[in-house]
Amino acid sequence: MTKYIFITGGVVSSLGKGIVGASLGKLLRSKGFTVAIQKFDPYINVDPGTMSPFQHGEVFVTDDGAETDLDLGHYERFIDANFSQLSSVTSGSVYQTVINKERRGDYLGGTVQVIPHITNEIKSRIAKAQKQFKPDFQIIEIGGTIGDIEGLPFIESIRQFKAEVGIGNAINIHCTLLPYLPTSGELKTKPSQHSVNVLRSHGLNPEILVCRTAKPIPKTEKEKLALFCSVAKEAVIECRDMKSIYEVPLALEEQNFANVVLKLLQTPERASNLDSWKDLVNRITHPEKTIKIAIAGKYTKLSDAYISVVESIKHAGYEHSAKTEIKWINSEDCVDVAQCKELLKDVDGVVIPGGFGIRGVEGKLNVIRYARENNLPFLGICLGMQCAVTEFARNVAGLKGANSTEFDEHSPHPVVDLMLDQKNVKGYGGTMRLGAYDCQVKKGSKAHEAYGSTKISERHRHRYEVNTEYIEQLKKAGLVFSGMSPDGMLSEIVEIPQLDWFVACQFHPEFKSRPEKPHPLFRGLITAAIKQKES
Ligand code: GLN
């Protein structure tokens, strides 16, 4: 029977509820349980796919093509599992379903209301995910902060759900912040008490408090929190700021966090096996070398916009006990060739991640040219591959004015063009080529060596593709098409075999990297960067 763990947040936003949930997932997995997760987001967008990365950070894509919140990325990385579109629930998608039913006449005669119609739909989403994953534990994180008007239908649904499944089958972990006042040298518990009161006013009692804090919580303050918030003393868990997010599961385990959860959910305790994770954390916290990798993109002011790319780079570094320093380069600053050279001269490798729109594209082309001409290890992702093909077409294959039709509709050489089935698409929500597709890898290529396989599956999120009409010309000029869709129609990976690592892919490898299993293409990049630095 599945047990349910709801995670709410209070006091402030950006507390790291996602990391707490992901860490709990990791701990439960390490005890041999199966875990599924869901993220509830109270905003009205049907999914975050249409939101600017500046507003909401990265859009994480699942195998089945859902465009979801970046927290899902943390969950997949910590738990090492693949989740689905049922893992992501927004107010927008819930209301859309209910309104569609109303228009169809499903509620004929009835007044459609938040309670019970919206809350029933929310509860049915919990049930659907349970049916798909049949996990031992289902972790459900509610985005936003308790007290937000938008979050109320979700909170009410949890209240109903907990009452329906009964004591011992569902718990609520409430995450709060303990601010530190330097003048009095104290951690303050009052904001946490208040946020628990707000939670209670909606009929929900937390069973566990996870308190984010910069300092250790004194025993007296833990006791105070337990008393005022009606939780057991052992259920007041400290969550200190850590150097690496991957340390969090271990810090929580030291306080017996997962066993406290098991006890509350009337499940017998189990020993955990965290040896390999401990080994990972040891490599993270005791690096033997450092390398510097540049990310040249457009959303560099908000690192969350590329969070999976950053994590993937780090994962590949961990394997070598290397600490990877990220150098953020705004591609617009690379439009000037001299400045581009200056910015790249101290890095060991460069990544051009995905993106949309023309801003900074010419700068990206300069970055790629520099990498190609100077044998600087390079990985291009999605738009990064489209730019690599454009750069190669212009400067190696001699196709003057080559471009993607996303940036120049009248280019004499549209080497990147809209896919046929995209030409008639209207509207922006969920209309791209999304989710996992198989790819055939060319024997003997760098990509083949990296993957150790000729058959792979990777996740996509784009509208444009390399124009098939130019493949022969580009091949003749030396570009190797090392990954193709199984029907041979779509270019998925290109590379220049003479260089140490110059590989670009149309898909997003960053969605499949795990801390203990770095993605082959990132591993290729980092291995080449380290080799060059050490020779
Ligand atoms: N803008 C490009 C496209 O739509 C690339 C998208 C991306 O990098 N995710 O194809």
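A few notes on this one:
- All lysines inside 21 Å of LYS400 as judged from Cα atoms, apart from same-chain residues fewer than 8 positions distant: LYS364, LYS475, LYS476
- Cβ charges +1 (Lys, Arg) and -1 (Asp, Glu), total dipole of the stretch 447-535, debye: 300
- Fraction of accessible area attributable to carbon and sulfur, the stretch 1-127 (%, probe 1.4 Å): 51
- 0 to 90° range, to nearest 10: angle between helix 91-104 axis and the chain longest Cα axis: 90
- Low-density loop positions, trypsin sites (Lys or Arg not before Pro), the stretch 230-288 - DSSP coil, at most 12 other Cβ in 10 Å: LYS243
- Counting only residues at least eight positions apart within a chain, or on another chain, the aspartates and glutamates with an alpha carbon under 20 Å from that of LYS323 are ASP241, GLU247, ASP279, GLU288, ASP304, GLU311, ASP346, ASP348, GLU510, GLU516, GLU534.
- Alpha-carbon centroid distance for the pair the stretch 310-334 / the stretch 1-71, whole angstrom: 24
- Taking a Cβ cut-off of under 11 Å around PRO53, the surrounding Lys, Arg, Asp and Glu residues balance to a net charge of 0, with basic ones at +1 and acidic ones at -1.
- Rounded to whole numbers, the Karplus 3J(HN,Hα) couplings from phi for the stretch 273-283 are 10, 10, 4, 6, 5, 4, 5, 4, 4, 5, 5 Hz, using 6.51 cos²θ - 1.76 cosθ + 1.60 with θ = phi - 60°, and x at Gly and Pro.
- Crossing angle, helix 190-201 versus the chain [Cα axis fit, 0-90 degrees, rounded to tens]: 80
- A dipole drawn for the chain from +1 and -1 charges on Cβ atoms has a positive end, and of ASN403, GLY166, TYR370 the residue lying farthest that way is GLY166.
- Taking the longest Cα principal axis of the chain as reference, the axis of helix 17-30 is set at about 90 degrees.
- Here the 3J(HN,Hα) profile of the stretch 469-480, calculated from phi with Karplus coefficients 6.51, -1.76 and 1.60 at θ = phi - 60°, is 5, 9, 4, 4, 4, 5, 4, 4, 7, x, 7, 9 Hz, Gly and Pro shown as x.
- Shown here is the pair-distance distribution of the stretch 1-151: with all Cα-Cα distances grouped in 10 Å bins from zero up to the longest one, the shares run 11, 40, 35, 13, 2, 0 percent.
- Exposure ranking of SER535, SER482 by accessible area [1.4 Å probe, largest first]: SER535, SER482
- Solvent-accessible surface (1.4 Å probe) assigned to VAL361 amounts to roughly 10 Å².
- The order of LYS31, LYS455 by accessible area, most exposed first and with a 1.4 Å probe, is LYS455, LYS31.
- Sorted largest first by accessible area at a 1.4 angstrom probe radius, with every protein chain in place, the residues ARG433, ARG103, ARG394 fall in the order ARG103, ARG394, ARG433.
- Mean shadow area of the stretch 264-387, taken as a quarter of the surface of its Cα convex hull (nm²): 10.6
- Distances between placed amide hydrogens fall under 5 Å for THR90 paired with ASP41, all partners being 5 or more residues away or on another chain.
- Restricting attention to the stretch 92-215, the count of lysine pairs at 8 or more positions apart or across chains with alpha carbons under 24 Å apart stands at 11.
- Relative contact order, percent, the stretch 31-108 [alpha-carbon distance under 8 Å, six or more residues apart]: 38
- Of every Cα-Cα pair in the chain, the percent that sits beyond 28 Å: 58
- Accessible solvent surface per residue of the chain, calculated while the other protein chains remain in place, 1.4 angstrom probe, Å²: 42
The values are calculated or read from the model by the stated rules, or taken from the named source; none is laboratory data. Just so you know, these numbers come straight off a predicted model, no measurement behind them. Cβ sites come from the backbone with ideal geometry, for glycine too, and all protein chains shown count toward neighbours. These accessible areas exclude ligands, DNA and RNA; they are computed on the full protein's heavy atoms, side chains included. Shrake-Rupley method; radii C 1.70, N 1.55, O 1.52, S 1.80 Å.
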